[in-house]
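Encoded as structure tokens, the structure appears first; notes follow it.
The values are calculated or read from the model by the stated rules, or taken from the named source; none is laboratory data. Note that the coordinates shown come from a computational prediction; the quantities given were computed from them, not determined experimentally. Please note: Cβ atoms are built from the backbone with ideal geometry, for glycine as well, and neighbour counts cover all protein chains shown. Heavy atoms of the whole protein, side chains included, go into the accessibility calculation; ligands, DNA and RNA do not. Shrake-Rupley method; radii C 1.70, N 1.55, O 1.52, S 1.80 Å.
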2 protein chains.
Amino acid sequence: MNAGPMKRPHTTLPPSWVTKLQPSKPHGPDLLSSERQNSVIDPNILANLLHTKEAVEIQRRVLEVLQNDEVFDKTGNYFGSRLEQFKTSLSRGKRLHQLQQAYHWNEQEFACALELIGDSTAYAIHWKGFLSGIREQGTPEQQELFLRRAEKMEIIGCFCQTELGHGSNVRKLETTATWDPSDQTFILHSPHLTASKWWAGTLGRTANYAIIMAQLIIAGKEYGPHPFVCQIRDLVTHEPLGGIYVGDIGPKFGYNMVDNGFLLLNQVKIPHVNMLARFSRVDPKTNTYIPPESPARIYVTLTKIRCALVLESARNMARGLTIAIRYSAVRCQFQDPAGNPAQIGETQVLDYTMVQYRLLPLLAESLALNFTGQATIAFHGETKDTGKVGQPGNSADSRKEVLAELHATSCGLKAYATSAAAQGLELCRRACGGHGYSSFSGIGNVFKDYVASQTYEGDNFVLGQQTANYLLKQAQMVAQGTPSESIAGKNLSRYAAVKNEPIRFSLDSDGDLVAVFGWRAAYLTFKTLQQSLIPGKTRNQLQVAMWKLCTAHCQFLVIRGFYERLAVLASTPTPEPQLGPEAREVLWKLFRLYAVFLIQSEPYDFFASKALQVEQLEHANTVMFMQLLADIRPHAVKLVDAWNLPDWLLDSSLGRYDGRVYEDLFQRATQSNPLNRISVDPRPYSSTIIKDESVSGARSNL
Amino acid sequence: MNAGPMKRPHTTLPPSWVTKLQPSKPHGPDLLSSERQNSVIDPNILANLLHTKEAVEIQRRVLEVLQNDEVFDKTGNYFGSRLEQFKTSLSRGKRLHQLQQAYHWNEQEFACALELIGDSTAYAIHWKGFLSGIREQGTPEQQELFLRRAEKMEIIGCFCQTELGHGSNVRKLETTATWDPSDQTFILHSPHLTASKWWAGTLGRTANYAIIMAQLIIAGKEYGPHPFVCQIRDLVTHEPLGGIYVGDIGPKFGYNMVDNGFLLLNQVKIPHVNMLARFSRVDPKTNTYIPPESPARIYVTLTKIRCALVLESARNMARGLTIAIRYSAVRCQFQDPAGNPAQIGETQVLDYTMVQYRLLPLLAESLALNFTGQATIAFHGETKDTGKVGQPGNSADSRKEVLAELHATSCGLKAYATSAAAQGLELCRRACGGHGYSSFSGIGNVFKDYVASQTYEGDNFVLGQQTANYLLKQAQMVAQGTPSESIAGKNLSRYAAVKNEPIRFSLDSDGDLVAVFGWRAAYLTFKTLQQSLIPGKTRNQLQVAMWKLCTAHCQFLVIRGFYERLAVLASTPTPEPQLGPEAREVLWKLFRLYAVFLIQSEPYDFFASKALQVEQLEHANTVMFMQLLADIRPHAVKLVDAWNLPDWLLDSSLGRYDGRVYEDLFQRATQSNPLNRISVDPRPYSSTIIKDESVSGARSNL
């Protein structure tokens, strides 16, 4: 039997026989460098293409600042309790503001810093909701009054819309803002427990101001929800003001570094100037409501965030992919009998088609969403800049049409992209096998934070219905002979014109690959339109069909977005170094892979719509799909390198650029792990749990 | 503007104007009681049917004991840091052992207690892996030596198989156990860093013994992995013994109450008796290896856990469903224009077909997996009891066949059921909208713990390949005219016999619904078999097809399991009170719903295999499916009531039996939440983070 107990307490420092141990061969660094030798792709050129050269350069500069600042040291990130996480997030928020001022970071640089930190900060909604709320909905006078101080962070705000009893249906919010003509104030009030504001980030502990969405009431009449600025805590003591009951709503699935809060108001009076009045207002002289001149303008503002979420989805998915693909190139399991006989040891799991099947289509999807997200943001920018009412060539009608398209596109793509990325992150985590479950994989925490994006800024299932409604209207316009000029309108017209003629799309044509997605979407739209016309059929009974229709349309948009970007790439010469033809062909193969992957996932409607024949589907699902996986496999590591996500951002043992996976896992477990600083009494009848309680408060180094 | 700051510090106790607030109408309790009035189902009778009357009674008794024991008080569950979680889990483990002794709980009662506690305990693997490992793999002498002490918990053990560098491929484990004939000992050793045992639960901080899987080496020759018992910590000081480096591997996605650990061994000597020798051993006189008489016996042991996981999947899914369905009956959003005009306020979200689409098929799936899990466990029991070699009527060959079927079935169903439940839990969480993201939903933490089941006891993707391999062999036997008597063998024979004849399955026949799933599975099996015969086609290239094949076969098994249980129910009279015909019809509708749901999710292969025509698919996907949702909707709440999961287990604001959702969320946020005991300084240039550091260690009441 073993010798007696060792003298060394617990496990903090490994003994010398442990520190001498090496991983068995083949080593991660060797595997990754051979991966990188075997692909023609230049990740730097591709990075510029994905993100723009300017963005790559900004990231390099900002990363250098953050990485050398000890407030942003990440070594304790995976160990903190909720309280420690929140303290860290407030410290980081403070430091970030200081750096922003010191380096005069512009919006893009600041956004880059937020992304690199990886976690959100306690000021999240001050920056993302309060400032923009006042900027977009405040009058010049209100900007002077609130925005200047908020930018300097003399006041710290949040944005309170959702209530305990109401999320999706904003019109039914219960909080009231009653106009009191006697002293020209609004009285903010929570009439029920369910009226409590709930979920607002930065509200729970941090903010001293809030924008509060409340039902405007004048002389007993309701005018719907409007935004009001309200101070909630004392600027010196930070105690809640009278009539305010405020706090943190408790732990969540993720995002625990932010203090999402609740807020109840008991007849709180605010002055007239605190109603944000750029779009609509109360005339204090006449006590009447002045409605917005153009409701469409609020529309444009609301869509902006959704467009940004599409691009963000791609970047979040890329975090998981970079980790999963690098680790799958390092991790070896079993020996493929048909594999390379010269190989040392077992087969890299990335060589198994079942692993390729799970990861490479996601890689293609991340690029597709990246390009589509960029295009959607550009579409939003154009609409905002060129679509002004009264501008020559822009009739009010055509403007309304473009806004409707922008709204429907941003709703649908937000729903599609955030759901795809959330699912993709979980697929990446699982593709890492057992170690994917460790926090050190670096994927789990991103997933926990990210899944909320499927609900915020509009629940995806609710948004999907809005997009489908738009599509049904577009189909109706086609049926009535007045098709719109939107993408959907043109697609539906094209389909309606030729749907009864014998068509034949070729899987060998990239253009046709886009066309079959358009065809299927149009087929489903008209099919659903037809059902909606059956007497007695309610909209509720169509919801499932409408959700599927929205998904099909979004796939068409994303496939189209991917195609158009690659087509432009092929035809536009630039002064910068360009991807060689071989590398460009890899991008086209990723486009095809994504298309064929979607087809083989749900072949039925491609067949039922007569877009593709059974033989074509069988060919796509087996031969084409497997061949594309094999063709892209050698480039997988270089492709994720091109996403240009630094190790500091990934904070992952499995996704290290250098492939030193096992050393990193071991080091984090043995040297940073607070649980290893305690010793327990495991005997069931001993009342001692931790043996030396003085060290049991073992804190991470936060 | 508001009055000055309030005197009351922070937010711990709500002021009286807050405590007087009520949720707006309709109230949750009213909605749920009207749900319960509108269904004929008797949840008590159905509970007995789902779980057996005996199990329901055990749960009632055990719950009473646990609920009144303050060690199991759950009010702090969602707030603890990892260290606090681990301390709680060790305390609860101790108390559970004490109660087990005091109440003489048998295996079923003890398992019930573990489930009701909800979280795992620090002793998890002592109970689940160490005891059973010695029982099943130890000789009578070894049981005397180790098992008696382990049962009394004089020694506490764990089970170490997975290594840092090896999970799925057990044959390639690196840890060695070298036989030393000079002193008749084994030398356990970790030759590389990647040989470190990794992931073993209860190892990190708790265990003082371990079963270690290591490569047996005799005179330089390897004999593959075998189990060895090894003491790792001192029984008095609890310090690691010499040559042992052991600790916790760090935080994980979930399951953080358990100390999953690592273990490195430096030439640790253990006596001959420590090799668990029931199946194979080293003869110390001749220094030779004695292989197992019947490798199949180990086989049976390994499948047992997988069968249990199938049943467990249903229960886990039911936790999410109970919460999501009750909350969807309480939560009201928007007004359905075609809804009941008499309704007060907005529409219950459970009335929206998009919500029904997401939840009701899962409800059907939970029953299907419950029945199939029970049948699989029974199959395992029969095989173990009646299939002994040498028993009359059981030739060695037919026994081998039954074991192969049991193995393939347990692998496939484990993969199918755990993935379905993990996905189902996430769907349930999302169906709760924004509040699903709160820890108080009670779903998120179950999901975080549960997803690991997709990887442990065999990664699902690896298991799926084994099932598909079995199916291909069965198809080959059919092709060779020697079909087996297994379910798969009979299904494949039937298909092969009539596949070229015109068939016509009817969607109105429940038996035919089972048959179309069998037909599709057989079609995919023969199709994949054909591809595997193409010269140059490697097994690796077939992995994706094999995964899909395994899934199709498992769906056939689950649909068949559901059908057979209901068929027995219809034909077997019992002395107990029975479900009335209306309630039984609801169960048949759930069977049909699950079948039609699976068909509409992936209609293509039903069409391609000629099991169903396009018109049938269109009818199933729209008319039948929507009608079944509508028919089952009124019974949804009573159906989850029948799962009989007590509020104490669910620990959920949203899933409360009484529907007091908003009061509960508010109470937990305001009265239990440690973050509300601190106040911060939010100004960016202040170095103070928490204003009163003395309260900042704000601990939950763990």
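Among bridges DSSP assigns within the stretch B:156-293, what percent are antiparallel (round to 5)? Kindly include the intermediate steps, with their values, before the conclusion.
Working: 33 of 40 bridges.
Among the beta bridges of the stretch B:156-293, antiparallel pairing accounts for roughly 80 percent.
Each label point is 7 Å from the Cα along the Cα-to-Cβ direction; what then is the distance between the points at B:VAL65 and B:TRP17, in nm?
Each label point lies 7 Å from its Cα, and together they span 5.1 nm.
Once phi is turned into θ = phi - 60°, what whole-Hz ³J(HN,Hα) does the Karplus curve with 6.51, -1.76 and 1.60 give for every residue of the stretch A:470-478, x standing for Gly and Pro?
Values, residue by residue: 4, 5, 5, 5, 4, 5, 4, 4, 5 Hz.
Please list the non-local residues whose amide H lies under 5 Å from the amide H of B:THR175, H modeled 1.01 Å from N, same-chain partners needing a gap of 5 or more.
Long-range HN contacts for B:THR175: B:GLN215.
Taking the Cα centre of the protein assembly as shown as origin and charging only Cβ (+1 Lys, Arg; -1 Asp, Glu), how large is the dipole, in debye to the nearest 20? Please list the in-between numbers first.
Numbers: 142 positive and 134 negative charges, 52 e Å.
For the protein assembly as shown, the charge dipole is close to 260 debye.
Hey, rough spin-label estimate for A:ASN469 and B:GLN578, points 7 angstrom out along Cα→Cβ, what's it come to in nanometres?
5.0
As an exercise, identify the GluC sites (Glu not before Pro) in the stretch A:72-168 lying in DSSP coil whose Cβ has no more than 14 other Cβ atoms within 10 Å.
On the way: sites: A:GLU84, A:GLU107, A:GLU109, A:GLU115, A:GLU136, A:GLU141, A:GLU144, A:GLU151, A:GLU154, A:GLU163; in loops: A:GLU154.
Here the sparse-neighbourhood loop sites are A:GLU154.
Can you name the chain B residue with its Cβ nearest the rotation axis from B to A, and give the distance in Å as a whole number?
Per the Cβ-to-axis criterion, the result reads B:SER81, 2.
Cα-Cα over 27 Å: which of B:LYS221/B:LYS252; B:LYS384/B:LYS589; A:LYS252/B:LYS691?
Values: B:LYS221/B:LYS252 38 Å; B:LYS384/B:LYS589 35 Å; A:LYS252/B:LYS691 24 Å.
Where the Cα-Cα span goes over 27 Å, the pairs concerned are B:LYS221/B:LYS252; B:LYS384/B:LYS589.
Show me, for the stretch B:134-150, the HN-Hα J-couplings you get by feeding each phi into the Karplus relation (A = 6.51, B = -1.76, C = 1.60, θ = phi - 60°), rounded to Hz, glycine and proline as x.
The phi angles translate into 6, 4, 8, 10, x, 6, x, 4, 6, 5, 4, 6, 10, 5, 4, 5, 5 Hz.
Under 19 Å from a point placed 7 Å out from the Cα of B:GLN98 along the Cα-to-Cβ direction: which residues of the stretch B:153-185 have their backbone N that close?
Counting only backbone N, you get B:153-156.
Compute the accessible area per residue over chain A, keeping the other protein chains in place, probe 1.4 Å, unit Å².
Numbers: 26380 Å² over 702 residues.
Using a 1.4 Å probe on heavy atoms only, each residue of chain A averages 38 Å².
What dipole magnitude, in Debye to the nearest 20, does the stretch A:156-293 give about its Cα centre under +1 on Lys/Arg Cβ and -1 on Asp/Glu Cβ?
On the way: 11 positive and 11 negative charges, 44 e Å.
Result for the stretch A:156-293 is approximately 220 debye, rounded to the nearest 20.
Defining the label point at 7 Å along Cα→Cβ, can you sort the distances from B:ARG539 to the same site in each other copy, shortest first, in nm?
In nanometres, ordered from closest: 5.6.
Gain in length, B:GLU585 to B:ASP183, computed as 0.36 nm per residue apart minus the alpha-carbon separation, to one decimal in nm?
On the way: separation 402, 0.36 × 402 = 144.72 nm, distance 7.04 nm.
Computed gain between B:GLU585 and B:ASP183 is 137.7 nm.
Of all accessible surface on the stretch B:156-293 at a 1.4 Å probe, what whole percent is carbon and sulfur?
On the way: 2110 of 4020 Å².
For the stretch B:156-293, the apolar C and S fraction of the accessible surface comes to 52 percent.
Taking each residue of A:118-124 in turn, how many C-beta atoms of other protein chains fall within 10 Å of its C-beta, and what is the average? Before the final figure, lay out each step's value.
Working: counts 0, 0, 0, 0, 3, 2, 0.
Going residue by residue through A:118-124 and averaging, the value is 1.
Per-residue mean of other chain beta-carbon atoms within 10 angstrom of the beta-carbon, peptide A:28-35?
Working: counts 0, 0, 0, 0, 0, 0, 0, 0.
Per residue, the number of nearby Cβ atoms from other chains is 0 on average.
Given R₀ = 60 Å, FRET efficiency for B:SER687-A:ARG539 by Cβ-Cβ distance, to 0.05? Don't skip to the answer; put the middle values down first.
Numbers: r = 57 Å, r/R0 = 0.94.
After rounding, the FRET efficiency stands at 0.60.
If packing is taken as the mean number of other Cβ atoms within 10 Å per residue, what is the order of A:13-20, A:128-135, A:260-267, A:200-207, highest first?
Numbers: A:13-20: 13.0, A:128-135: 20.6, A:260-267: 24.2, A:200-207: 27.6.
Answer by packing, highest mean first, reads A:200-207, A:260-267, A:128-135, A:13-20.
Let me spell out the model: positive unit charges on the Cβ of Lys and Arg, negative unit charges on the Cβ of Asp and Glu, origin at the Cα centre of the stretch B:216-337. What dipole size does that give, in debye rounded to 20?
Roughly 360 debye for the stretch B:216-337.
Please list, ordered by chain and number, the residues whose modelled amide H lies under 5 Å from the amide H of A:CYS160; skip anything fewer than 5 residues away on the same chain.
Residues meeting the amide H criterion: A:ILE211, A:ILE212, A:MET213.
Each label point is 7 Å from the Cα along the Cα-to-Cβ direction; what then is the distance between the points at B:SER132 and B:LEU302, in nm?
Going by the 7 Å Cα→Cβ label model, 1.5 nm.
Applying 1/(1 + (r/R0)^6) with R0 = 60 Å to the Cβ-Cβ distance of A:SER571 and B:ASP73, what FRET efficiency is obtained, to the nearest 0.05? Display every interim value, and only then the final one.
On the way: r = 68 Å, r/R0 = 1.14.
With a Förster radius of 60 Å, E is 0.30.
Quick check: residue separation of B:ARG494 and B:ASN266 times 0.36 nm, minus the Cα distance between them. What number comes out in nm? Spell out each step's value before the answer.
Working: separation 228, 0.36 × 228 = 82.08 nm, distance 5.79 nm.
Extra length available between B:ARG494 and B:ASN266 comes to 76.3 nm.
For the stretch B:535-569, which residues drop by 20 square angstrom or more in accessible area between the chain on its own and all protein chains together (1.4 Å probe)?
Going by heavy-atom accessible area, the residues of the stretch B:535-569 that drop by at least 20 Å² are B:THR538, B:ASN540, B:GLN541, B:GLN543, B:VAL544, B:TRP547, B:LYS548.
How many partner chain Cβ atoms sit within 10 Å of a residue's Cβ in peptide B:82-91, on average, as a whole number?
Working: counts 10, 12, 2, 1, 5, 5, 1, 1, 7, 2.
Shielding by partners across B:82-91 averages 5.
If we hang a label 7 Å off Cα along the beta carbon direction at A:SER398, how far is it from the matching labels on the other copies, in nm, shortest first?
8.2
What are the nm distances, shortest first, from B:GLN98 to its equivalents in the other copies, labels at 7 Å along Cα→Cβ?
5.0
Which one of A:GLN59, B:ILE41, A:ALA415 is farthest out on the positive end of the charge dipole of the protein assembly as shown, using unit charges on Cβ (Lys, Arg +1; Asp, Glu -1) and the Cα centre as origin?
A:GLN59
Of all accessible surface on the stretch A:590-702 at a 1.4 Å probe, what whole percent is carbon and sulfur? Could you put the intermediate results ahead of the total?
On the way: 1970 of 3860 Å².
Here carbon and sulfur together make up 51 percent of the probe-accessible area.
I'd like the Karplus ³J(HN,Hα) series for the stretch B:309-320: coefficients 6.51, -1.76, 1.60, θ = phi - 60°, whole numbers in Hz, and an x wherever there's a Gly or Pro.
Per-residue couplings from phi come out as 5, 5, 5, 4, 4, 5, 5, 5, 4, 5, 4, x Hz.
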